[in-house]
Amino acid sequence: MKTLVAIPYDGLDSPASKDFKPPKVISQYVETIISYNTEGITSKNKIEFARERLIETLMESDYEKILFIDNDIIVEPKDLQPLVDSPHLVAVAIYPYRIYWDGTVQLPKQPTEISKVLQAGLGCCCIHRDVFRVLEPPYFGRAGRITDWKREDWNFFRNLIRYKIDAYVY
């Protein structure tokens with residue numbers, strides 16, 4: 001499946017993603033990496049705005065999936081392959097590593113099996129375009145509008161539940 005790698009929120013300009021290149025293990029699927037530069041956006045929730053614009057790009061293309069990798073997430077190729085290959089419409093990873101702006105690194109416990117989830121972060125996830133054919137925009141907003149509330153991942157999963165679309169953690 002053709003997968004578009006998308007890095008929202010100022011893309012490749014962060015310390016965590018400055019030298020990001022698609023891992024060789026998924027290069028057979030990935031043809032394009034795009035980033036949405038939020039400079040000049042006045043909304044307090046720039047990442048929500050960026051995700052919405054990146055989905056517009058997906059829907060105007062012939063890509064089948066979008067793989068979000070946030071610029072504060074460091075991923076290993078082994079963490080991406082299952083997401084790209086997933087038969088599920090929404091596949092999320094527990095962040096393998098997360099670098100916070102103060103320099104601290106989080107190493108969460110990884111799941112031992114594929115599990116259905118009601119909520120997860122969108123920092124490392126793969127979503128099939130069919131999801132956006134069912135949901136109504138804004139996909140990451142609340143109550144039918146983009147908000148200044150900084151929980152676009154919570155809003156997205158709330159929309160999935162509303163439309164009875166399952167998500168799985170890998």
Legend entry - Using a Förster distance of 25 Å, the FRET efficiency for residue 81-residue 113 (Cβ separation, nearest 0.05): 0.95
Inset, instruction - Quick one: order 118, 160 from most to least accessible surface, probe 1.4 Å. - result: 118, 160
Inset, instruction - State which entries of 65/116; 78/164; 46/116 exceed 26 angstrom in Cα-Cα distance in the structure shown. - result: 78/164; 46/116
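The values are calculated or read from the model by the stated rules, or taken from the named source; none is laboratory data. Computed from a predicted model, the values in this text were never measured in an experiment. Cβ atoms come from the backbone with ideal geometry, glycine included; neighbour counts cover every protein chain shown. Quick note on the areas: whole protein, heavy atoms, side chains included, nothing else; ligands and nucleic acids left out. Shrake-Rupley method; radii C 1.70, N 1.55, O 1.52, S 1.80 Å.
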